[in-house]
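What follows is a set of notes on a single structure, which appears directly below.
The values are calculated or read from the model by the stated rules, or taken from the named source; none is laboratory data. What you see is a predicted model; the values in this text were computed from it and never measured. Heads up, the Cβs are rebuilt from the backbone with ideal geometry, glycines too, and the neighbour counts pull from every protein chain shown. These area figures cover heavy atoms from the full protein model, side chains too; ligands, DNA and RNA do not enter into them. Shrake-Rupley method; radii C 1.70, N 1.55, O 1.52, S 1.80 Å.
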Amino acid sequence: MSEQENPLIDFVNYYSKDPVKFVIEVLGGTPTPYQQEALQALARGERKMSIRSGHGTGKSTFASWAMLWFVMFKFPNKVVVTAPTTGQLFDALFAELKKWITEMPKTLQPLLNVKSDRVELIAAPSEAFISARTSRAETPEALAGVHSENVLLVVDEASGVPEPVFEAAAGSMSGHSATTLLLGNPTRSSGTFYESQTRMAGSWWVRRWSCLESPLVSDEFVEEIKL
């Protein structure tokens, strides 16, 4: 079969510049307007993205979509996802990622090897993968040494990630196609996540996903939180 006749080549060419279309047509997701905006920003190549979010607005779902699109269509690549605790990382975000892999068409699922802390493109496991690494102050190298033609660093619950981890991550962002994506609830008034939303906002792609404006959050939940 020639390259021109390879349906996988056509698949990659069709979705490589449009993660929103990938989410809707391949994963069967229904992204909100703000999730679509963030996916489009990633596809544009925004280098530094910071999203502060209330509970239940779909940030873990968005991050899962972003990581899946990146690992499948930005070859070669390295995606590293982290959070302050193993519970936040594996019980929440990485579990959500695995759920969306099962939503992929059965013909595409064999392209990925899903492990407990890693998802690899089977055809090139060392050149295209998603790696989950917990961030701890005593092991700040969680985001260090990540070098590839395309790099995506996803930091969930970013308010709680120790500053040495962000400092160690700086070298991983040296490439021409590298994106840092910070996600979390604004629970602290200091640190990299706070600075990205305030004093340094001019150099970040910054958004606020409010529970009050999200179609994913029930009015009952909002009223309960007010009490």
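Quick notes on this structure:
- Counting only protein heavy atoms and a 1.4 Å probe, the chain has 48 square angstrom of accessible area per residue.
- Overall form of region 135-210 per C-alpha gyration tensor (a/c, 1.5; a/b vs b/c): oblate
- Placing unit charges on the Cβ atoms of the charged side chains and taking the dipole of the chain about its Cα centre, the candidate lying farthest along the positive direction among Phe90, Trp204, Ser131 is Trp204.
- For region 85-141: rounded, prolate or oblate by the Cα gyration tensor [a/c cutoff 1.5]: oblate
- Once the C-beta distance of Asp219 and Glu141 is scaled by a Förster radius of 45 Å, the resulting FRET efficiency is 0.55 to the nearest 0.05.
- Debye-formula intensities of region 60-180, expressed as log10 I(q)/I(0) at q = 0.15, 0.18, 0.20 Å⁻¹, are -0.62, -0.89, -1.09 (one equal scatterer per alpha-carbon, no solvent).
- Evaluating kT/(6 pi eta Rh) at 10 °C and 1.306 mPa s, with the Kirkwood radius of region 1-89 over Cα pairs in the Stokes-Einstein relation, gives 110 µm² s⁻¹.
- For the chain, the relative contact order is 25 percent, taking Cα pairs closer than 8 Å that sit 6 or more residues apart in sequence and dividing their mean separation by the residue count.
- Principal axis box of the chain, alpha-carbon based, largest edge first, Å: 62, 40, 33
- Under the combined filter of DSSP loop state and at most 14 neighbouring Cβ atoms within 10 Å, region 136-227 retains these trypsin sites (Lys or Arg not before Pro): Arg188, Arg199.
- Taking the 1.4 Å solvent-accessible surface of the chain as the whole, the part contributed by carbon and sulfur is 52%.
- For the chain, DSSP calls about 20 percent of its internal beta bridges antiparallel.
- Computed from label points 7 Å out along Cα-Cβ, the spacing between Ser203 and Tyr14 is 4.1 nm.
- Between the beta carbons of Ser210 and Ser126, assuming R0 = 35 Å, the FRET efficiency works out to 0.30 to the nearest 0.05.
- Lysine pairs meeting the criterion (Cα under 16 Å, 8 or more apart or interchain), as found in the chain: 8
- What you get for region 1-133, charging only the Cβ of Lys and Arg (+1) and of Asp and Glu (-1), is a dipole of about 500 debye around the Cα centre.
- Ser60 sits among other residues whose Cβ lies under 13 Å from its own Cβ, and their net charge, with Lys and Arg +1 and Asp and Glu -1, is -1.
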